[in-house]
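Novice: One structure, as structure tokens, below. Some questions next.
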Amino acid sequence: MSVPFLSLGEGFADPVQAARFEETTVRFHNRRALAEVGLDLDAEAVVRHLGRLEPLPGNLQTPLALRYHGHQFRMYNPDLGDGRGFLYAQLQDEGGRWLDLGTKGSGTTPYSRGGDGRLTLKGGFREVLAAELLEARGVPTCRIASLIETHEDLHRYDEPSPTRSAVMVRLSWSHVRIGTFQRLAFHEQADHLRELLGYCERTLGLPSDPVEFLAEVSARLADTAAAWMVAGYVHGVLNTDNLNVTGESFDYGPFRWLIGVDPTFTAAYFDGPGLYAFGRQAGQVEWALFRLADALSRVADKASLKAALGDFRSVYRERLADRFCQRLRITRADNDPRLIAAATTSLEVTGVPLDQFFHDWAGGLASAQRAAEGPFADAWRHPTFERVKRELAGRVPTDALDHPHLARPVPCGLPYEEIEAIWTDIDVADDWGAFVAKIADIRESG
């Protein structure tokens, strides 16, 4: 099998060796996702290929740690790159699309910067939950292919130590970041920039013309930002090395899901200024796209690149309305902006969870009786919600409202306290029952 990334030649990645894990226990195996790329692995093969990271037949025989830079909290960092992960394989799905298998916690690389190259089991467990719920909510996301405990004791400054360890494999359309382009621009490698654009056209279906490429990436990331907002997802660390040119979100570190709607809510304890707060996510994505434009200015006209980003906000607003109505299961209408504004205002005032609003009012006014009989009936009688009802008038449900999930009083969500409770079962008693049940609940809710 020809592996597309190898067509780039030197200058984009470094060959590395996977860490050796003497003891492994499979904790999560995403058969559904792996089947899309033709990997139907038995129990032994899961451990060999996804735990001990033995090369897949006919694929990459040596893993590649990808090179990139990035702005971290708007400060440029030229000392980045895959520090505890690598590109492990590239496989095609049934439609011929190339997908990456990338690792996390697979050992040290030239970019580990003194770190141990490992992943905590809790960190991997959280990533599985995040990716599963984002997928269920229709958000562009990587899928976690596997999580395998490696039974090493890890020490971390920001959590109780020693803690359990794991290696994780994710399935993603691409691991080409905005920061990948930034690194090439930093080193003034215009030829490599053109090579990377050609790779993105051949492998990812993106235009190779820099201006057209930027416009397409902008549209994809505008949609992703809109999807986060409607899902109530707070990314936490929207650095340019964490933004993928295909628009998929990935690398779920200090994420949170909103409870009450609060534009100032941040997911990371170290984000004191609130740079990546819930309400600032779209603005930060736009800022990052301008940094991509800066990088592409080595091979394209600056004015044309700037013009290519001129539609970001309008595309974002349009996609926000699309996704808002999709989640509410109603038709689009001219008053979508008013509906979104009214709902946001009412939820901020009443403190009703965002998930509960979409759950109780799925189908619009067709669910009025169900909402009136639910646990948040008092909030729906609040004066601020009257405007929401007016804006919902005339909307038609786009889906059947007999989904079993809608019969529940409270929707499936992922509040921080529940994640911690599930983890406590695992950490204290090695009880994975609640985790397995949560994955099933998330998938049934989609």
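Coordinate-derived values only; no laboratory data. Since the structure is predicted, the reported quantities are computational estimates derived from the model, not experimental observations. Note: ideal-geometry Cβ built from the backbone for every residue, glycine included; neighbour counts use all protein chains shown.
Novice: Between a residue in region 356-378 that is crowded, with 22+ Cβ neighbours inside 10 Å and any residue that is polar (S, T, N, Q), which pairs come within a Cβ distance under 7 Å, given they are 6 or more apart or on different chains?
Specialist: Cβ pairs passing all conditions: D360/S367; W361/S367.
Novice: Would you check if A13 is touching a Gly at 6+ places or on another chain (Cβ under 8 Å) and crowded, with 17+ Cβ neighbours inside 10 Å?
Specialist: So A13 fails the test.
Novice: Shifting gears a bit: Since L134 meets every condition but one in (1) in contact with a Leu (Cβ under 9 Å, 6 or more places away or on another chain); (2) buried (at least 18 other Cβ atoms within 10 Å of the Cβ), which condition does it not meet?
Specialist: (1)
Novice: Residues that are polar (S, T, N, Q) and out of contact with any strand residue (DSSP E or B) (no Cβ under 8 Å at 6 or more places or on another chain), at least 1 per element: which strands (runs of 3 or more DSSP E) completely within region 29-104 meet that?
Specialist: 70-72
Novice: A further question follows. Count, please, the residues in region 392-438 that happen to be of a type outside the set (K, R) and under 21 Å from L121 (Cα atoms).
Specialist: 24
Novice: Being at negative phi, basic (K, R) and touching a residue at least 12 places away in the same chain (Cβ under 8 Å) is the filter here, so list the residues in region 34-78 that pass it.
Specialist: Selection gives R52, R67.
Novice: Continuing with this model, one more query. Taking region 392-410 as the region of interest, how many residues are β-branched (V, I, T) and touching a Lys or Arg at 6+ places or on another chain (Cβ under 7 Å)?
Specialist: Selection size over region 392-410: 1.
Novice: Moving on to the next point. Please enumerate the residues belonging to region 211-241 that are touching a His at 6+ places or on another chain (Cβ under 8 Å) and within 22 Å of R183 (Cβ to Cβ).
Specialist: Listed by number, the residues that qualify are N239, T240, D241.
Novice: Residue check, P411 against (1) exposed (fewer than 12 other Cβ atoms within 10 Å of the Cβ); (2) in contact with a His (Cβ under 7 Å, 6 or more places away or on another chain), all met but one. Which one?
Specialist: With (1) exposed (fewer than 12 other Cβ atoms within 10 Å of the Cβ); (2) in contact with a His (Cβ under 7 Å, 6 or more places away or on another chain) applied to P411, the lone miss is (1).
Novice: Moving on to the next point. Working carefully through the options E135, E152, find the one that is touching a strand residue (DSSP E or B) at 6+ places or on another chain (Cβ under 7 Å) and assigned to a helix (DSSP H, G or I).
Specialist: From the options E135, E152, the qualifying one is E135.
Novice: Let me ask something else about it. I need the full set of residues from region 253-283 which are touching a strand residue (DSSP E or B) at 6+ places or on another chain (Cβ under 9 Å) and touching a residue at least 40 places away in the same chain (Cβ under 8 Å), in order please.
Specialist: Correct list: F255, R256, W257, L258, I259, G260, V261, Y276, A277, F278, Q281.
Novice: Next up: Quick one: would you say A226 is surrounded by fewer than 18 Cβ atoms within 10 Å (Cβ to Cβ) and in contact (Cβ under 8 Å) with a residue 40 or more places away in the chain?
Specialist: No, not satisfied.
Novice: Being aromatic (F, W, Y) and not in a loop (DSSP other than H, G, I, E, B) is the filter; apply it to region 242-285 and report the residue that is nearest to Q72 (Cα to Cα).
Specialist: Per the criteria, the residue is F278.
Novice: Then there is this: Determine which single condition R156 fails, assuming it passes every other condition in (1) of a type outside the set (D, E); (2) within 18 Å of R291 (Cβ to Cβ); (3) out of contact with any helix residue (DSSP H, G or I) (no Cβ under 8 Å at 6 or more places or on another chain).
Specialist: (2)
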